[in-house]
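Undergrad: First, the structure itself, so that you have it in front of you.
The values are calculated or read from the model by the stated rules, or taken from the named source; none is laboratory data. Note that this is a predicted model, so its numbers are computed, not measured. Cβ: placed from backbone, ideal geometry, glycine included. Neighbour counts: every protein chain shown. Accessible surface is based on the protein model in full, side chains and every heavy atom, while ligands, DNA and RNA are left aside. Shrake-Rupley method; radii C 1.70, N 1.55, O 1.52, S 1.80 Å.
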Amino acid sequence: MRDEDVIVLEEPQLSAAERLYLPQILDGVKTTLRHTFSVKNRKQVVRQYPEDTRQGRGELRLANYRGVHRLNKDPDGRVACVACFMCSTACPAHCIHIEAGESPWPDREKYPVKFDIDELRCIYCGMCEEACPVDAIELTPNYELVGLTRAEMIFDKEKLLQVYEETKDVKPRKNPPVTDYGLTGGQSKDVAQPNVERKV
Amino acid sequence: MPKIIIDGQEIECRPGIPVLQAALEAGMDIPHYCYHPGLKIVASCRLCLMEMKMPHPKTKEMAWAPKLFPSCQTPAKDGMEVRFDSDAVRANVRHVMEYYLLNHPLDCPVCDKAGECYLQDYTEDHGSAASRMVDEKQKNPKKDIGPQTLLYSDRCVLCSRCVRFCDEISGTSELRVINRGSRGEIDVFPGRPLDNALQGNVVELCPVGALLDKEFLFRQRVWTLKTTKSISPVDSRGQSIYIDYNEEGIHRIRPRFNEKVNEWWISDEARFGWKHVHRDDRLNQPRVRGSDGLVPQRWEELPEFLRKRLADAAKQVSDSVAVVLSPMMSCEEAWLLAKAVRDVAPQAVLFHGFVPVVGEDRTFPKGFVVKAEKCPNRRGIETICEHLGGNTANWGDFLGMASSGKIKAAYVVGGYPNEWLTSEAVAAIGQVEFLVVQDLFPTALTEHAAVEIPSVSWTEREGMFMNCDGLLQEFERALNPLEGTKADGQFFFELAGNVGLFRAKKVREEMAAALPVFADVFIPQELPEHAH
Ligand code: SF4
Ligand code: SF4
Ligand code: SF4
Ligand code: FES
């Protein structure tokens, strides 16, 4: 136990008026009532999902919708991720868990042995996609994310690769990434040279 | 003390050091690769060049010389004036950085050094954003150069620090620079891998990600790790270390500068001496012998129970209670335990615990010593026993007295990372009627024990060790105690009849008041990150 481990918290002091909470409650009730009695609002807000989805004109834009993640594959069908941990570093919800290992392919150094995303914890901000140096992780237009257990909602590598298969026609993988040197996951083989390994 | 002027700022520096060292100590972040204060100077990286005032050959007036000088190779002389903050110096750094990046791979996303790499740092500060290289990069191979270390020679900047380390510090000269120019690379001799007792240091010494530890390879990115200052318990010198860990546990141990003990280096033993912390068979609950063997007991009930049983034993024969203080314990813990037992059994005998010794002391060319005594706190235990006085004796005496049946109740503390009991020792200790054993792992004593208490490793405790030269050094806690266990200090604190949190600092104050040597804790100088 170090001194900096001990945090002393003070409860904020509320005035008598603030402790009533009445104005805030009334404010909330007002919004509810407004929606309850407005026909126009009701028509706009209530949807008979799943028969009626929000994909009509002027509504959900699926092209840049941030739904379930996927892990892209390179042209050789291998996982494109190089296990750099950039996405898990960037993730504000700490929902990406990666275990890296030496890749079985000669033109790559590292690859993810395990890659788990907790889809329940994720806030779908898209930071991981932005951080990835090889465009391996992407959010897909797939927003129908359901499961019966929490464990089911932790997507592992296989599941994420499967999402890629399901969505690659709707949303193809982005342009080849800018980096080279074995990191492209086989996209520009002319640059990537196999690592020559030598034992002594 | 010589005074020199750097960038118009007068700086007082230690005599005889190079200008670069003076600047680094004054807090200036001067880029450098090849210079290391612990190694010979080669001035080969050309990053640290500076401008210097010299007498004009004709007019004899002091003026900026037209040529740049390596600041790492220029000794600081009283009254000299140099500058780093000039166009010529900045242009030099920019050009040198561009050369370094000509063939350097864009590997940072998969390079374990990323985050603590000086090529990254200097490129960010002084390099250019884009490469002008149009030809294909020269790609040197990745090599397996030893049992613990990998060499990615494409990432190497040929600073030759690793070569000099093996020549000067470990004295084993395994590494060499082979070939020249852009084909230059580090290599080992055929059939002679990099394998010596200090080899791990080349990994931190390497300013880039060329030399990497196989153990740590791909395990974590460095920015996900938390760091704690600690002291290695593997030998009696008390090498200063950093423990890098996260919620999964320890990931690596790195050297921490300590001018009095290990300087910049640590032994491989200290570097890899944390594996036992995560062994699966760690004891994780206190157990007390009932009619059908050892049964789990609640921590809260133990102190009262032990105090009563030890007091009973002392009532029968006053000096039949023994406390064995292990040299793996910190000073605070030994102090608390001895006090607690003496509290209920005033005549209790304090024994120094078993001191493991392996081989002989090994001294390396520049004076680095790997001690044969493999425990951190023998001196501390002896000092405490001496101070508390009364009956004290050593481990051999304890075994003798135990086997002759003189000891009725004993509190034996272990905490060693390896198996430590000989069969004779077990047979002797087995004679004790009421035996309390506190250890990390199950041992042969378990079947004789009346009470078995789990101990925790040094990474889960805090306190201080006194090394073989009498130097008192403190270490901090990195991990939380394993689930089900309690930090040893906390338990002894409660055993001594206290309530609340054990704070090593508080106990230290109490000890210092009683015994002034304990007031004198040595805290090594902390090196800033730019002075690597
Ligand atoms: S950022 Fe991209 S390459 Fe890096 S670990 Fe995440 S998915 Fe893999
Ligand atoms: S050595 Fe440094 S610059 Fe080179 S790849 Fe590794 S982290 Fe990046
Ligand atoms: S391997 Fe590292 S320490 Fe050795 S010469 Fe290359 S850059 Fe320097
Ligand atoms: S030339 Fe001075 S540090 Fe390398």
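A quick yes/no check of all residues on (1) outside any helix (DSSP H, G or I); (2) among the charged types (D, E, K, R); (3) more than 20 Å from the chain's Cα centre (by Cα):
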position	(1), (2), (3)
B:360	yes, yes, yes
B:365	yes, no, yes
B:376	yes, no, no
B:381	no, no, yes
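Undergrad: Which of the strands (runs of 3 or more DSSP E) contained wholly in the range A:89-200 include at least 3 residues that are at pLDDT 90 or above?
TA: Values: elements: A:96-102, A:110-118, A:137-139, A:197-199.
Counting at least 3 such residues, we get A:96-102, A:110-118, A:137-139.
Undergrad: Condition check: open to solvent by 10 Å² or more (accessible area, probe 1.4 Å) and of a type in the set (Gly, Ala, Ser). Does residue B:22 satisfy that? Outline the logic, then answer.
TA: On the way: open to solvent by 10 Å² or more (accessible area, probe 1.4 Å): no; of a type in the set (Gly, Ala, Ser): yes.
No; evaluated as a whole, the condition is false for this residue.
Undergrad: Consider the range B:151-179. How many of its residues are within 16 Å of ligand 4 (Cβ to nearest atom) and either closer than 30 Å to residue B:363 by Cβ or among the small types (Gly, Ala, Ser) (or both)?
TA: To start, the set of residues in the range B:151-179 that are within 16 Å of ligand 4 (Cβ to nearest atom) comprises B:156-165, B:177.
Imposing the further condition that a residue be either closer than 30 Å to residue B:363 by Cβ or among the small types (Gly, Ala, Ser) (or both) reduces the set to B:159-165, B:177.
Residues flagged as within 16 Å of ligand 4 (Cβ to nearest atom) and either closer than 30 Å to residue B:363 by Cβ or among the small types (Gly, Ala, Ser) (or both) within the range B:151-179 amount to 8.
Undergrad: If you don't mind, there's one more thing I want to ask. Would you mind telling me which numbered condition in (1) over 30 Å from residue B:37 (Cα atoms); (2) not in a helix (DSSP H, G or I) residue B:304 fails?
TA: Here residue B:304 meets the rest and fails (2).
Undergrad: Return the total of residues in the range B:161-182 being within 14 Å of chain A (Cβ to nearest Cβ) and surrounded by fewer than 14 Cβ atoms within 10 Å (Cβ to Cβ).
TA: Total meeting the criteria: 1.
Undergrad: Looking only at the range A:126-153, which residues are open to solvent by less than 50 Å² (accessible area, probe 1.4 Å) and either within 13 Å of chain B (Cβ to nearest Cβ) or under 15 Å from residue A:89 (Cα atoms) (or both)?
TA: The answer is A:126, A:128, A:129, A:131, A:132, A:133, A:134, A:135, A:136, A:137.
Undergrad: Going residue by residue through the range B:49-68, is there one that turns out to be within 16 Å of ligand 4 (Cβ to nearest atom) and open to solvent by 70 Å² or more (accessible area, probe 1.4 Å)?
TA: yes
Undergrad: Let me ask something else about it. It is to be established whether one or more residues within the range B:96-103 are buried (at least 16 other Cβ atoms within 10 Å of the Cβ), within 14 Å of chain A (Cβ to nearest Cβ), in a loop (DSSP other than H, G, I, E, B) and within 16 Å of ligand 2 (Cβ to nearest atom). Full working, then the answer.
TA: Of the residues in the range B:96-103, the ones buried (at least 16 other Cβ atoms within 10 Å of the Cβ) are B:96-98, B:100-101, B:103.
Adding the requirement that they be within 14 Å of chain A (Cβ to nearest Cβ) leaves B:101, B:103.
Keeping just the survivors that are in a loop (DSSP other than H, G, I, E, B) gives B:103.
If we keep only those that are within 16 Å of ligand 2 (Cβ to nearest atom) as well, we get B:103.
Yes: one or more hits.
Every residue, every condition in (1) among the acidic types (Asp, Glu); (2) buried (at least 16 other Cβ atoms within 10 Å of the Cβ); (3) more than 16 Å from ligand 1 (Cβ to nearest atom), yes or no:
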| site | (1), (2), (3) |
| --- | --- |
| B:86 | no, no, yes |
| B:94 | no, no, yes |
| B:108 | no, yes, no |
| B:129 | no, no, yes |
| B:137 | no, yes, yes |
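Undergrad: I'm checking my understanding of the structure. Among residues of the range A:87-98 that are open to solvent by 20 Å² or more (accessible area, probe 1.4 Å) and over 20 Å from residue A:164 (Cα atoms), which one is nearest to the other protein chains (Cβ to nearest Cβ)?
TA: Out of the qualifying residues, it is A:89.
Undergrad: Could you look through the range B:113-127, keep only residues that are charged (D, E, K, R) and more than 16 Å from ligand 4 (Cβ to nearest atom), and pick out the one that is surrounded by the most Cβ atoms within 10 Å (Cβ to Cβ)?
TA: Of the range B:113-127, the ones charged (D, E, K, R) are B:113, B:116, B:121, B:124-125.
Those left that are additionally more than 16 Å from ligand 4 (Cβ to nearest atom): B:113, B:116, B:124.
On the way: B:113: 22, B:116: 17, B:124: 9.
Across the range B:113-127, the extreme among qualifying residues is B:113.
Undergrad: Which one of these does residue B:142 not meet: (1) away from ligand 1 (no atom under 16 Å from the Cβ); (2) free of Cβ contacts under 8 Å to residues at least 40 places away in the same chain; (3) open to solvent by 20 Å² or more (accessible area, probe 1.4 Å); (4) within 11 Å of chain A (Cβ to nearest Cβ)?
TA: With respect to (1) away from ligand 1 (no atom under 16 Å from the Cβ); (2) free of Cβ contacts under 8 Å to residues at least 40 places away in the same chain; (3) open to solvent by 20 Å² or more (accessible area, probe 1.4 Å); (4) within 11 Å of chain A (Cβ to nearest Cβ), residue B:142 is out only on (3).
Undergrad: For the range B:206-225, does any single residue satisfy the condition of being touching a helix residue (DSSP H, G or I) at 6+ places or on another chain (Cβ under 8 Å) and more than 26 Å from residue B:107 (Cβ to Cβ)?
TA: no
Undergrad: Then there is this: Could you grab me the full set of residues in the range B:205-217 that are in contact with a strand residue (DSSP E or B) (Cβ under 7 Å, 6 or more places away or on another chain) and surrounded by 21 or more Cβ atoms within 10 Å (Cβ to Cβ)?
TA: Correct list: B:209, B:210, B:211, B:212.
Undergrad: Which number in (1) at pLDDT below 95; (2) away from every other protein chain (no Cβ under 14 Å) marks the one condition that residue B:191 misses?
TA: (2)
Undergrad: While we're looking at this one, here's another question. Only one residue in A:18, A:51 is assigned to a loop (DSSP other than H, G, I, E, B) and open to solvent by 80 Å² or more (accessible area, probe 1.4 Å), so which one is that?
TA: Selected residue: A:51, the only one of A:18, A:51 that is assigned to a loop (DSSP other than H, G, I, E, B) and open to solvent by 80 Å² or more (accessible area, probe 1.4 Å).
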